[in-house]
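Trainee: Have a look at the structure that comes next, please.
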Amino acid sequence: MVFRNMEEQSTYTLRNQEMEKMSFGEEELEDFLEDMLVTPDQFVVLTAPKAQNQQIRYVQARVHEEEEEIEVELGIEEADGTHLYHKMCGEEECVQVFLDFFHNGLTVNLKAYQPVAF
């Protein structure tokens, strides 16, 4: 499935099921991720103002309780729309992905990610 590419924004957006923030820092980002780890069915999405390195527009994550791992997804903008890629990882790697993305320094090995199938 391919999603429509997003319009450019003026700032980052951080959201989960309960709230959305456009003014936040690293500590609040980490709080959102910590909440995801302890709240069932919680997710976190961090969207950049525009596509960053490797055309990554957003990162999102949720816990897979049965595997005791976190699924991290990348929204990558391409000419035909935004494609989702995912991989399973641990808490430390998940937090690092979000922090690197927030600081515009995320570069990933795309071979480690698989297309999301719906």
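The values are calculated or read from the model by the stated rules, or taken from the named source; none is laboratory data. Please read all numbers here as calculations on a predicted model, not as lab measurements. Note that we place each Cβ from the backbone using ideal geometry, even for glycine, and neighbour counts take in every protein chain shown. These area figures cover heavy atoms from the full protein model, side chains too; ligands, DNA and RNA do not enter into them. Shrake-Rupley method; radii C 1.70, N 1.55, O 1.52, S 1.80 Å.
Trainee: Please give the calculated 222 nm ellipticity per residue for the chain, where each DSSP H segment of at least 4 residues contributes -39500 (n - 2.57) and the sum is spread over every residue; nearest 500 deg cm²/dmol?
Mentor: Helix-only estimate at 222 nm: -6500 deg cm²/dmol.
Trainee: Taking the highest mean first, how do the peptides 48-57, 109-118 order by number of other beta carbon atoms within 10 angstrom per residue?
Mentor: 48-57, 109-118
Trainee: Here's another thing I want to ask about it. Give me the one-decimal nm value for the distance between modelled label points at Glu69 and Lys50, 7 Å along each residue's Cα-to-Cβ direction.
Mentor: It is 3.5 nm.
Trainee: Further, regarding this structure: Give me the three principal axis extents of the chain from the C-alpha atoms, as integers in angstrom, largest value leading.
Mentor: 37, 31, 24
Trainee: Leaving out ligands, DNA and RNA, and with a 1.4 Å probe, what % of the accessible surface on the chain is carbon or sulfur? Kindly include the intermediate steps, with their values, before the conclusion.
Mentor: Working: 3200 of 6860 Å².
Carbon and sulfur atoms account for 47 percent of the accessible area of the chain.
Trainee: Now a separate question. Mind checking which of Gly90, Gly75, Gly25 has the largest fluctuation in a GNM of the chain, springs on alpha carbons under 10 Å?
Mentor: Looking only at Gly90, Gly75, Gly25, the largest GNM fluctuation is found for Gly25.
Trainee: Right, another one. For the chain, modelled as a Gaussian network with Cα springs under 10 Å, which listed residue fluctuates most, Val108, Val72, Val63?
Mentor: Looking only at Val108, Val72, Val63, the largest GNM fluctuation is found for Val108.
Trainee: Does a label point 7 Å from the Cα of Glu8, set along Cα-to-beta-carbon, have any residues of segment 67-95 with amide nitrogen under 19 Å, and which are they?
Mentor: What the label zone holds, given the 19 Å backbone N cut-off, is 76-82.
Trainee: Next question, about the same structure. So what's the net charge close to His103: Lys and Arg +1, Asp and Glu -1, counting the other residues with Cβ under 14 Å from its Cβ?
Mentor: Here the count lands on -4.
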